[in-house]
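As structure tokens, the structure follows; a few thoughts come after it.
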Amino acid sequence: MRVTQFSKYIPIQSSIQEIQSRKHLNELRLATGKQVVDISDTPNLLVQKKRFENQINQQQQYRKNIDYSINFLQHTIDTLDTISSNVQKIREVAISSTQIGVAQDVSTLGKQIRGLLDDIIKDLNSDFDGQFLFAGNVLNSEDIVSPPSSANKLPFEIVQDPPSSENPSGLRVIFKGNTKKIIVNTSKVSAEIINTTADELFGDETLVALNKVIELYNLLTYNKDGSLRGPNDLFNTEDLSKLNDYQKEIGKMYDKINSVNSRNGILLSRFEALKDQSATLLTALEGYKSKVSDTDYAATTIQLNKDQTALQFTLQVAARLTQVTLFDFLR
């Protein structure tokens with residue numbers, strides 16, 4: 001092996017470079033607050049960091065889904081409360097119309113029914129964040145397919161057909177949405193349905209229960225021959241029997257709406273619990289990521305001080321070596 005005067009510097013030079021590299025790395029960690037500053041130095045930590053980041057991003061998306069669902073459900077519950085209240089008012093009108101002494105107010109009662117029905121239709125067309133509440137997965141007016149009799153691009157509408165003996169007003173409530181479910185993912189393994197559909201509220205997509213209100217309106221507003229009721233046009237036994245049937249059917253609709261809304265309330269409570277669980281999980285994941293990727297200031301500072309001491313000692317050794325000759329080194 002060939003020995004030169006500079007051979008004695010090779011181990012010292014290598015040691016100095018190693019210490020300086022380690023010292024620079026720890027200085028970067030202290031400056032940035034990040035443990036992973038050099039991929040080649042900590043490949044295993046980088047893999048762990050990326051895994052936690054992916055889990056955090058995924059959980060944040062689930063959290064957004066949960067927050068949206070909570071707001072969607074709360075808006076649905078509030079709207080159904082208003083609809084339920086108006087349905088109950090319609091039932092009360094139907095009951096009161098059978099009482100002695102209201103015959104002269106029958107036409108007024110009919111107008112009340114029509115006004116309450118208009119309010120119900122308006123609420124059924126409510127949306128949250130641009131998405132219809134009760135139209136299935138028909139999100140907005142651009143997705144509505146309207147029949148020729150329709151005058152708007154909303155899911156629920158009162159249309160005017162030609163008057164007939166069965167329907168002297170010609171009014172009919174139609175539905176232009178669908179009954180498909182809106183499903184949101186709340187985790188990798190779970191999902192929830194958040195929307196309330198027309199068939200759940202009114203039996204089916206033809207809105208049979210809701211159109212009973214039209215029949216009630218017709219009975220209060222028109223005589224059997226299709227003429228408008230006057231102050232002296234009293235109810236006969238058949239009319240009173242129909243009124244009793246209508247108020248019972250409307251009562252069933254009222255109960256159905258409240259039952260569905262109670263389910264929505266339970267679902268809302270479940271989402272509130274999921275929100276708390278999601279926040280706890282996100283905090284834990286952020287903590288795990290921090291342990292992997294953030295600098296341990298105490299340990300890094302101690303290591304940096306050790307590196308500085310080692311570097312000074314090594315430089316002193318190197319200085320002494322430069323003062324001896326090759327023959328001194330070989331002795």
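Within segment 128-149, is even one residue of a type in the set (G, A, S), in contact with a strand residue (DSSP E or B) (Cβ under 6 Å, 6 or more places away or on another chain), at negative phi and surrounded by 18 or more Cβ atoms within 10 Å (Cβ to Cβ)? There is no residue in segment 128-149 that is of a type in the set (G, A, S), in contact with a strand residue (DSSP E or B) (Cβ under 6 Å, 6 or more places away or on another chain), at negative phi and surrounded by 18 or more Cβ atoms within 10 Å (Cβ to Cβ).
Filtered by the rule that a residue be buried (at least 20 other Cβ atoms within 10 Å of the Cβ) and assigned to a loop (DSSP other than H, G, I, E, B), segment 207-228 gives a lone residue, L207.
One residue alone among K256, K180 is exposed (fewer than 14 other Cβ atoms within 10 Å of the Cβ) and either touching a residue at least 40 places away in the same chain (Cβ under 8 Å) or at positive phi (or both), and that residue is K180. For the criterion of being out of contact with any Pro (no Cβ under 9 Å at 6 or more places or on another chain) and at pLDDT 95 or above, D129 fails. The number of residues in segment 167-181 being under 19 Å from the mean Cα position of the chain (by Cα) and assigned to a strand (DSSP E or B) comes to 0. The number of residues in segment 74-89 that are of a type outside the set (S, T, N, Q) and touching a strand residue (DSSP E or B) at 6+ places or on another chain (Cβ under 9 Å) comes to 1.
Within the option set V93, V106, being under 30 Å from N232 (Cα atoms), hydrophobic (A, V, I, L, M, F, W, C), modelled with pLDDT of 85 or more and crowded, with 19+ Cβ neighbours inside 10 Å holds for one residue only, V93. When segment 109-138 is filtered for residues that are in contact (Cβ under 8 Å) with a residue 12 or more places away in the chain and under 15 Å from the mean Cα position of the chain (by Cα), the ones remaining, listed by number, are D127, F128, D129, Q131, F132, L133, N137. The C-beta contact set for segment 217-245 (first residue within 15 Å of I95 (Cα to Cα), second residue of a type in the set (D, E, K, R), distance under 6 angstrom, 6+ apart or interchain) comprises Y217/R114; L219/K242. In segment 182-206, of all residues being in a helix (DSSP H, G or I) and among the hydrophobic types (A, V, I, L, M, F, W, C), the one that is nearest to P147 (Cα to Cα) corresponds to A198.
The values are calculated or read from the model by the stated rules, or taken from the named source; none is laboratory data. Not measured: the values here are computed from a predicted model. Don't worry about glycine lacking a Cβ; one is built from the backbone with ideal geometry, like all the others, and counts go over all protein chains shown.
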